[in-house]
Amino acid sequence: MSKITKIIVSPYYLPIIPKLYEKGFDLIIKETCYGVMISGEEKDVKDAVDFLRKEFKNSVFIKDRGFPPGEKVRCRADRGGGGRPGFHQLEYEISMLPNIEKALNEIYKSDKKTIKKKKKRIGIDKLQSIIKENVPL
Amino acid sequence: MKIFIFPPTSLILSDLVERFGHDPLAMMKVVRERVTGPSLDSPPINVTPNDVKDGLKYVAVEVPSGVRGRLALMAPLVEKADAAIMVKNADYTFGCVGCARTNEYLRYFVKRRRIPYIELEYPYTEEEAKEFVISIKNFLSNLENKNG
Amino acid sequence: MDEIKIALLSCGAEYSGVYPEIEKAINKFNAKIIHPFVETSDIDDAVEEIGMDVASPDLRLMAAKAKSLVEKNADADAVFICTCFRCAEGALMRNEVRRYIAERSNIPIISYSFTERTTAATLYTRMEALTTTARRKALLAIKKQEGLTAGIDSGSTTTKAVVMQDNEIIGHGWVPTTQVIESASKAFSLALEEAGIKQNEIEAFGATGYGRLLIGENMHPNFVQEEITVNSKGAAFLADKQEGMATVIDIGGMDNKAISMMNGIPGSFTMGGICAGASGRFLEIASRRLGVSIEELGPLALKGDYRNVEMNSYCIVFGIQSLVNMLSQGAEPADVASAACHSVSEQIFEQQLQEIDIKEPVIMVGGCSLISGLVKIMEDLLRVKIIVPKDSQYIGAVGASLLASGFRR
């Protein structure tokens, strides 16, 4: 088995670390300014991911991470300051997470297996005001 | 199924694909294989000049080294993929996906391989986010139906 | 020696396999890489401020790092900007970022385009110059030569030496380079002889050029320094342009340099040395084929017109072959001489001078500055008047002798 690392991100504070400790996973757990890193044997990491998805449902987002926690060649403290190249993208995506969470909540609520895209019709009042503004009398 | 995601470093795409029961072919796993191996010859990503030569499999020698090196990492993911989900307005991608030319080539490479793909835009509003997630879910379910 | 912090503004280095080479070159001169901190929200603002709206995110990030640097959010002593060779977008942004920083700060900058074959050794002279400019600010402020000092410039083709006393050159030595030490000793002796001075009377001397390290080990000069810094000082001294902006074009026997300097201190610069077709060697071979001495080539070229000669290549093999063919077809030797000068000038113009801002006065130095035809064609290409100071071929030796003033006992 090989060791892998995942990063768990949430748009807001969740007790991810206490819950992981509570369950006693055999993992290295590291809190960073953008999320929690977990590192360990593949099976342990997978169990922790399944647990977190069950526990926090659509409020946590998880992806693999290439570098182990605190890796010198990537860690800001050792490589001469500045964010990792991936940091800015992560920050950008984090800003979208609340809407993605809401979307997931809605999908899972729905009984329908597939939901068709539906365009919302413009309201009659709005249409009337657009006509008034744009069509000369 | 193995799904190539673009950006291949995306948290959202990686999470959604995995959440909907598929295997995201993400960049992070490629990096992991390189940086946790027995030797780190060319830190930080361990891309060596030989990898840059491997990029010649995809593009000509006149293409800048940074494009070839990036393709050596990412194009094999496209080759392994059964399908692809690509975001078009991914403006905040850096590092592996920091080169616009490489990114253009990767999208083209997906299309040239004729695997099923969808192209989406990153959502800014709640409504867009809903459409985004639904599109991904439907795309993945349709793949299962076709293959299943 | 204080550790110098070099801000690395790069695109593609990590994916070209050259990041460790850059790091190795930087570390060799007791310097370290730093990465200026950037907020995600700064990136678009920085691109807008610089005004170069490129597509590649890493180049946009480079813009934001530059902004962070000039706003002093990052504590950097020098900047190294690099992008992939043959990337148009990278070359455009590299140049604009360099200009943006140069206009807003006094931090020394070098820019470079790498391939996967770039090694640390290729970068050594550049990094030595960059760290020296950052580190030895007090020494580089010297504008007047004092006392009795000497300088040796061990070039790949010729070795030059001067002896200076109270801001005047009183002795010159010039010999073709054979063995580095032997040639240096000979040039030094010639300069001493002309000056009527004994070596033990010299208060301090410095060495520069291609063979400087060997001279450093064997002749024990007071300092050993790369030629970018030394030649800038020499050019500013010889042309009497110690204040303000100036551009130095130094075409030597094997390589050439273009330096944009401020108050005699290099700001940004480029170095050639990959192609012999852009060096004095090309002109040497051309003059041999023409049956004239290198001294005669310049005046001969002035009488000719390069447009009458068809040349298909800058290459020292194929380009020279074109010239020989044209001669055999009855071309005028003066036109062929002009074509040889045009070929070297145009290649330097296309491949090197685009990397720096050409600000007047433009000072041409180095052995090739004595070839009048070459200077004239370079003037035509740049559309500026070029200054060739007296003793321009002794540039490195003069710079070394001037800086040696700072090392007198």
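The values are calculated or read from the model by the stated rules, or taken from the named source; none is laboratory data. Being a predicted model, the structure only gives us computed values, none of them experimental. Methodologically, a virtual Cβ is constructed for each residue, glycine included, from the backbone with ideal geometry; neighbour enumeration extends over all protein chains shown.
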Within the stretch C:265-289, restricting to residues that are surrounded by fewer than 23 Cβ atoms within 10 Å (Cβ to Cβ) and part of a loop (DSSP other than H, G, I, E, B), the one that is nearest to the chain's Cα centre (by Cα) is C:272
Close pairs from the stretch A:50-63: first away from chain B (no Cβ under 11 Å), partner surrounded by fewer than 18 Cβ atoms within 10 Å (Cβ to Cβ), Cβ under 7 Å, at least 6 apart
A:51/A:23; A:55/A:19; A:56/A:14; A:59/A:14
Per the filter on the stretch A:64-74, residues facing chain B (nearest Cβ under 10 Å) and either modelled with pLDDT of 95 or more or over 12 Å from residue A:35 (Cβ atoms) (or both) are A:64, A:66, A:67, A:68, A:71, A:72, A:73, A:74
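One line per residue, one yes/no per condition, for (1) under 19 Å from residue C:44 (Cα atoms); (2) touching a residue at least 40 places away in the same chain (Cβ under 8 Å); (3) of a type outside the set (A, V, I, L, M); (4) within 13 Å of another protein chain (Cβ to nearest Cβ):
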position: B:79; (1), (2), (3), (4): no, no, yes, no
position: B:82; (1), (2), (3), (4): no, yes, yes, no
position: B:94; (1), (2), (3), (4): yes, no, yes, yes
position: B:100; (1), (2), (3), (4): yes, no, no, yes
position: B:103; (1), (2), (3), (4): no, yes, yes, yes
position: B:109; (1), (2), (3), (4): no, yes, yes, no
position: B:113; (1), (2), (3), (4): no, no, yes, no
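Quick one: which of C:69, C:92, C:61 is touching a Ser or Thr at 6+ places or on another chain (Cβ under 8 Å), in a helix (DSSP H, G or I) and more than 22 Å from residue C:246 (Cβ to Cβ)? Explain how you work it out, then say what you get.
Details: C:92 fails: touching a Ser or Thr at 6+ places or on another chain (Cβ under 8 Å); C:61 fails: touching a Ser or Thr at 6+ places or on another chain (Cβ under 8 Å).
Every option except C:69 fails the conditions.
Table: residues versus (1) at pLDDT 95 or above; (2) touching a strand residue (DSSP E or B) at 6+ places or on another chain (Cβ under 6 Å).
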residue	(1), (2)
C:2	no, no
C:8	yes, yes
C:17	no, no
C:63	yes, no
C:73	no, no
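Given the residues B:97, B:52, which is the only one that is surrounded by 23 or more Cβ atoms within 10 Å (Cβ to Cβ) and farther than 28 Å from residue B:20 by Cα?
Numbers: B:97 fails: farther than 28 Å from residue B:20 by Cα.
Just one listed residue meets the conditions, B:52.
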When you scan the stretch B:59-72, how many residues do you find that are more than 7 Å from every other protein chain (Cβ to nearest Cβ), surrounded by fewer than 23 Cβ atoms within 10 Å (Cβ to Cβ) and within 19 Å of residue C:14 (Cα to Cα)?
3
Of the conditions (1) in a helix (DSSP H, G or I); (2) at pLDDT below 90; (3) over 21 Å from residue C:260 (Cβ atoms); (4) not basic (Lys, Arg), residue C:40 fails just one. Which one is it?
(1)
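Could you list, in sequence order, the residues of the stretch C:235-264 that are buried (at least 19 other Cβ atoms within 10 Å of the Cβ) and assigned to a strand (DSSP E or B)?
Initial filter on the stretch C:235-264 (buried (at least 19 other Cβ atoms within 10 Å of the Cβ)): C:235-239, C:241, C:246-253, C:255-261, C:264.
Within the stretch C:235-264, C:246, C:247, C:248, C:249, C:250, C:251, C:256, C:257, C:258, C:259, C:260, C:261 qualify.
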For the subset of the stretch C:60-101 comprising residues that are touching a residue at least 60 places away in the same chain (Cβ under 8 Å) and touching a Leu at 6+ places or on another chain (Cβ under 7 Å), which member is nearest to the other protein chains (Cβ to nearest Cβ)?
C:90
Among (1) buried (at least 18 other Cβ atoms within 10 Å of the Cβ); (2) within 14 Å of another protein chain (Cβ to nearest Cβ), where does residue C:150 come up short?
(2)
Could you identify the single residue in B:41, B:23, B:51 that is facing another protein chain (nearest Cβ under 7 Å) and under 25 Å from residue A:3 (Cα atoms)?
B:51
Within the stretch C:19-45, restricting to residues that are among the acidic types (Asp, Glu) and within 20 Å of residue B:99 (Cα to Cα), the one that is surrounded by the most Cβ atoms within 10 Å (Cβ to Cβ) is C:42
Would you be able to tell me the number of residues in the stretch C:147-175 that are under 19 Å from residue C:236 (Cα atoms), touching a Gly at 6+ places or on another chain (Cβ under 9 Å) and part of a loop (DSSP other than H, G, I, E, B)?
1
Would you mention how many residues in the stretch C:100-115 are under 18 Å from the mean Cα position of the chain (by Cα) and assigned to a helix (DSSP H, G or I)?
1
Could you check the stretch C:46-88 and list, in sequence order, the residues that are of a type in the set (D, E, K, R), within 19 Å of residue B:89 (Cβ to Cβ) and surrounded by fewer than 24 Cβ atoms within 10 Å (Cβ to Cβ)?
C:48, C:53
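Residue-wise test of (1) under 18 Å from residue B:12 (Cβ atoms); (2) modelled with pLDDT of 95 or more; (3) out of contact with any Phe, Trp or Tyr (no Cβ under 8 Å at 6 or more places or on another chain); (4) outside any loop (DSSP other than H, G, I, E, B).
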position	(1), (2), (3), (4)
B:76	no, yes, yes, yes
B:79	no, yes, yes, yes
B:85	yes, yes, no, yes
B:92	yes, no, no, no
B:103	yes, yes, no, yes
B:132	yes, yes, no, yes
B:139	yes, yes, yes, yes
What single numbered condition from (1) of a type outside the set (Lys, Arg); (2) touching a strand residue (DSSP E or B) at 6+ places or on another chain (Cβ under 9 Å); (3) under 16 Å from residue C:348 (Cβ atoms) fails to hold for residue C:229?
(3)
Would you be able to tell me the number of residues in the stretch C:11-29 that are within 16 Å of residue B:49 (Cα to Cα) and either among the aliphatic types (A, V, I, L, M) or in a loop (DSSP other than H, G, I, E, B) (or both)?
8
How many of the residues making up the stretch A:84-115 are at pLDDT below 90 and more than 7 Å from every other protein chain (Cβ to nearest Cβ)?
8
